[in-house]
Amino acid sequence: MALYSEKVMDHFRNPRNVGVIENPDGVGEVGNAKCGDIMKIYLKIDDEIITDVKFETFGCGSAIASSSMATELIKGKPVSQALELTNKAVAEALDGLPAHKLHCSVLAEEAIKSAIEDYYRKKGVPVEKKTADCANCQHNCGK
Ligand code: FES
């Protein structure tokens, strides 16, 4: 069996929503200290709906595919729904990631949450810190 699914390869080769949004309503940047990869997510939000989302990822193929899929999953969705996005859902939408690459999808979940937290912070709304779904993550981050 191939290590990576067709979907992972597709999103890695043709990533969706790559780039920067000028004057975003929320920006989130997270990194993984172990592998050194960095992911940045920009959000445009109108009336609590994510009307646009872009990402910049300096990282592995799985991180790029995860960013691409995650942005597709939250585009056009309410902020409340995007907050519920788990790394597991991102990995499932990609038809799976190898176990040692699941932490790459955690980066996507965390970057989106961080961008939404930034959006709420700018609006002056306190937001409960949500942590990633660690159940299936091999990344030994100590959470
Ligand atoms: Fe670092 Fe994939 S190896 S995010």
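The values are calculated or read from the model by the stated rules, or taken from the named source; none is laboratory data. The structure presented is a predicted model; accordingly, all values stated were derived computationally and were not measured. A quick note on method: Cβ atoms are made from the backbone with ideal geometry, for glycine too, and the neighbour counts reach across all protein chains shown.
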The stretch 83-114, residues that are part of a loop (DSSP other than H, G, I, E, B) and either more than 12 Å from the ligand (Cβ to nearest atom) or farther than 22 Å from Ala2 by Cβ (or both): Glu84, Leu85, Thr86, Leu94, Asp95, Gly96
Any hit, the stretch 27-48, residues being free of Cβ contacts under 8 Å to residues at least 40 places away in the same chain and of a type in the set (Phe, Trp, Tyr): no
Cβ-Cβ under 6 Å pairs, at least 6 apart or on other chains, the stretch 54-77 side within 13 Å of Arg13 (Cα to Cα) and more than 8 Å from the ligand (Cβ to nearest atom), far side assigned to a strand (DSSP E or B) and modelled with pLDDT of 95 or more: Ile64/Thr57; Ser67/Met39; Ser67/Phe55; Ser67/Thr57
Residue in the stretch 1-35 that is farthest from His103 (Cα to Cα), counting only those that are over 16 Å from the mean Cα position of the chain (by Cα) and modelled with pLDDT under 95: Met1
Test: residue in the stretch 10-22 that is among the acidic types (Asp, Glu), away from the ligand (no atom under 11 Å from the Cβ), crowded, with 16+ Cβ neighbours inside 10 Å and within 26 Å of Lys123 (Cβ to Cβ): no
Pair list, Cβ under 9 Å, 6 or more apart: the stretch 84-112 residue within 21 Å of Leu43 (Cα to Cα) and touching a residue at least 40 places away in the same chain (Cβ under 8 Å), other residue surrounded by 24 or more Cβ atoms within 10 Å (Cβ to Cβ) and among the aromatic types (Phe, Trp, Tyr): Ala108/Phe55; Ala111/Phe55
Checklist (1) touching a Leu at 6+ places or on another chain (Cβ under 8 Å); (2) surrounded by fewer than 18 Cβ atoms within 10 Å (Cβ to Cβ); (3) of a type outside the set (Lys, Arg) applied to Gly59, failing item: (2)
Residue list for the stretch 54-80, restricted to those being hydroxyl-bearing (Ser, Thr, Tyr), under 23 Å from Pro98 (Cα atoms) and part of a helix (DSSP H, G or I): Ser62, Ser66, Ser67, Ser68, Thr71
Which numbered condition Ile41 misses (of (1) of a type in the set (A, V, I, L, M); (2) in contact with a Phe, Trp or Tyr (Cβ under 9 Å, 6 or more places away or on another chain); (3) over 16 Å from Glu117 (Cα atoms)): (3)
